[in-house]
Every structure is written in C-alpha cells, then in structure tokens.
Amino acid sequence: MAILLIGFGAYRLIGRSAAEAGEEPTGDVAAAAVARVERGPIENTLEIAGEFKPFEDVDVHAKVSGYIKKIYVDVGDHVKSGQTLAILEVPELSAQLGGADAAVRRSDEEIRREQGDVERAESAHAAAHSMFERLNQASQQQKGLVAQQEVDEAHAKDLESEAQVSSAQAALSAARQQREMAEANQKQYTAMSDYMRIVAPFSGVVTARYADTGSLVAAGATSSTQAIPVVRIAEISKLRLVLPIPESVAGRIRLGDPVKVRVEALDRDITGKVSRFADSLDLGTRTMPTEIDFDNRDGQLISGMFTKAQLVLSAKPAALSVPEEALAQGANGATALVVGAQNTIEERKVVTGIQGKSRVEIVSGLSEGERVVVGNRSQYRDGQKVQPKEIAPAGTNGGGAI
C-alpha cells in the first residue's frame, strides 16, 4: 500500500511540473504537423505542352508547267534567298517569247514607216499651203491677176494635204499602240520565261524534294491535281514555339510575358517572351494559339521537338503564404487551423490570393510566423490541445501550374 501511495504521489508531482511548464504529457495529446506562415516570392504559372515549328515553311511550286531540266538541291541542303533550286524546260514558252520579240521588231519597223509617211505628208502640205497662200495673196492685191479657179484648186490641194497629214499621224499613233501591245506581250512572256528558273523564296533548309530531273510539273497557280510542289523549304534559323492557351487564362496573356521552356530532348531550359497571339479562340479546342520566337542559328533546336513551357500569369516578390495542404475550402471561403502559443488549435477564416505550385498567398487572416496545421485536418477540432511538430519549409513559393 505504501508503495502505491508513493507512486501515485510521484505521478501527480510530474503532471503538476509539466503543467507549470506549459506542456501536456505526450501520452494524452495528439501530435500535429505544422508549418510556419512565411513571407517570400510566389507566382502563379501555366504549364503547357507545345512544339517548335519553322518560322517560315512553304512548298515551292513551279509558276509555269514544264519538265525539270535540272534540279540542284536535295533534302537537307541549306539554301539562300534567291538561290536557283531547279531549271524548267518549256519549249512552247520559248517559241512564244520568240514570237513576241518578232512582233516588237515588226512594230518598230511599222513605226519608222509611218513616221516617214507623216514627214512626206507634212512636206506636201507645207508646199500646197505655200502655193495657196501666194495665189490667194496675189488675187487679193490685184483683181483679175490670178484666176479664181486656180486659187480654189490651190486651196483644195492645201486642205487635201492637211487631211493626208492627219491620216498619216493617225496611222503612226496606231502603229505606236500596236508596238505597246507587242511590248506588253513580250514582257509577259519574258516574265513567264523567268519562272523557268525556280528560286528559294527565303533562306532555309530543304525538308522535302518531290520532283527529279525529267519530271513533268504543272503550274502551281492552276487547280490541276498534278500541281505538285518541287521542294519544301523551312526557315530553321528562327523557330516558333506554338502554345495552345486555354480559354480560362487566354485573356491574361500579354506581349512580352516571360516564358520558361523545358526541352526534354536536349535536357535544357531556355527562356523566351510571348511574341504574338491570335487574340481569338479556336472554336474546336477552345484555345488561343500563342507563339514565342527563339533564335536557332546554332541549329540545336529541331522543328517538331516537344516542350513544356511555363508562363507566369501573376507574381509577387514578398507575399505571405502557407502550404496548400494547410487550407480547407468551404462554402464560406477558406479556413486554416492555427496552433497558438499554448498549443491550442484555433480555426480561422482566411482570404487567399495567388495560387502557387505548393503554396497559397494569404491576403488576410494570418500573420507571419504563425503555425498552421498541414495534412489531415479531420482529426482536429477547434480548442483542442496538440503537440506541434514543425515540418521543414518547402524552400520556394514560386513555380507551379494552375
């Protein structure tokens, strides 16, 4: 009996000492994982997959129909803007150009002939007009000196020669118009003959070749099903990263927004900025195509490579935040379980802000340094005593996806 009384007294003494020290015996108190309310950078980002595309990518067609006389490039060849890719052979076009040249020469000869006719008509008119003027002047100075019939005949010849001048001038004008038409045809066929040389529209690399020497190609401007391209060229010194931005955040995209891109194939990160966006949604996918340009003069990036891109939608350099697991969302808003100085739980309403990867901004309701319960909250209640066990901080408030 004495031993039992001594043991009971020692137990009460230990309990009282623990109470005076502000602690509870661990055997009667539930443990609770807690984290501090911290201040630091936090950002809300969108993580989305995309792929690189050439900055320019076109199929090069022939402007005129003909046979491939010579093709100078193949897949993988790097070409410069204006470089000759292939030469066409178009016999009928050469004949048409020769005919147009001959028509211009004939028109030049016709113009020279008509100019001679005009000069002769003007000379004859000048002589006839001078004769009429002399006879008419003599007839007026002395009546009866010149017969009126002679004066009338001279006047008639003067008018006739003047009409011949007008006719010759009209013929010369028609010859000049004919020459303009012939020259227009010549320019047309000359321009068409220039299309017999197929050139690169910009500097890039040949990614496909569809024709060989001797192949018959149709003009790309026609609707013929035979109008296949000669080659395909892509500009790869500069690439576009195309991202399908969801409708929910499309309105928050701005030109110049920073973009962090992870290229898994190269095991590296690159950084860019939003270069352009469609400013309208694709009705099929409800996304907005957004593009980021990347310099690729070193050729390390390859068109078609998939990436994971992060766009920063909003960020704060010094925001109060807690782990996402510390909050519970309800009909009346978010709440957190705060562990006070006496290790007593208090359920408190909070107002949240930016959602990061693992932490949430606290706009109001908590103060820096306070402890909040993280993890399973169902086993705790308001006013309950707990034994707090602080977990290590996450290390960063940034990153994440919505």
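Computed from the coordinates by the stated procedures, all read-outs in this text should not be read as laboratory data. Just so it is clear, the structure is predicted and the values come from calculations on it, not from any experiment. Note that each Cβ is placed from the backbone with ideal geometry, even for glycine, and that neighbours are counted across all protein chains shown.
May I ask you to sort 273, 53, 389 by Cβ crowding, counting other Cβ atoms within 10 Å and putting the fewest first? Before the final figure, lay out the partial values.
Numbers: 273 12, 53 17, 389 9.
Least crowded to most crowded, the residues run 389, 273, 53.
Under a 10 Å cutoff between Cα atoms, tell me which one of 165, 104, 79 has the largest fluctuation in the Gaussian network model of the chain.
In this elastic network of the chain, the residue with the biggest mean-square fluctuation among 165, 104, 79 is 165.
One-quarter of the Cα convex hull surface for the chain, in nm²? Working shown, then result.
On the way: hull surface 172.5 nm².
Here the figure is 43.1 nm², rounded to one decimal.
Tell me the Kirkwood hydrodynamic radius of the range 97-178 in angstroms, computed as one over the mean inverse distance between distinct C-alpha pairs. The partial results should precede the final answer.
Values: mean 1/r = 0.0682 Å⁻¹.
One over the average 1/r among Cα pairs gives 14.7 Å for the range 97-178.
Which number comes out as Rg/Rh for the range 31-172 once both Rg and the Kirkwood Rh are worked out on C-alpha atoms?
1.68
Once you've got the GNM for the chain with C-alpha springs shorter than 10 Å, pick whichever of 270, 245, 292 has the biggest mean-square fluctuation.
270
All other residues with a Cβ under 13 Å from the Cβ of residue 329 taken together, and with Lys, Arg as +1 and Asp, Glu as -1, what is their net charge?
Working: positive: 349, 377; negative: 324, 325.
Around residue 329, the surrounding residues sum to 0.
Note down the relative contact order for the chain as a percent, whole number, built from C-alpha pairs under 8 angstrom at least six residues apart.
Numbers: 795 pairs, mean separation 119.0, N = 402.
For the chain, the relative contact order is 30 percent.
Kindly flag which residue pairs out of 316/385; 70/187; 187/238 have an alpha-carbon separation exceeding 29 Å in this structure. Intermediate results must be reported in sequence, preceding the final value.
Working: 316/385 35 Å; 70/187 25 Å; 187/238 37 Å.
Going by Cα-Cα distance, 316/385; 187/238 fall outside the 29 Å limit.
If each residue's Cβ is checked for other Cβ atoms within 10 Å, how do 45, 84 rank with the fewest at the top? Walk me through the numbers before you get to the answer.
Working: 45 23, 84 14.
Ascending number of Cβ neighbours within 10 Å: 84, 45.
Given the options 139, 161, 248, state which has the largest fluctuation in a GNM of the chain using a 10 Å cut-off (strictly under) for Cα springs.
Ranking 139, 161, 248 by mean-square fluctuation puts 139 first.
List every residue whose amide H lies under 5 Å from the amide H of residue 387, counting only residues 5 or more places away in sequence or on a different chain, with H placed 1.01 Å from N in the peptide plane.
Counting only residues 5 or more places away or on other chains, the set is 30, 31, 32.
Within 10 Å of each residue's Cβ, count the other Cβ atoms and sort 71, 302, 345 from fewest upward. Intermediate results must be reported in sequence, preceding the final value.
Details: 71 20, 302 13, 345 23.
Neighbour counts put them in this order, fewest first: 302, 71, 345.
Let me check I've understood the local charge: for residue 164, count other residues with C-beta under 10 angstrom from its C-beta, Lys and Arg +1, Asp and Glu -1. What total comes out? Walk me through the numbers on the way to the answer.
Working: positive: 120; negative: 117, 122, 160, 162.
Charge balance in the 10 Å sphere: -3.
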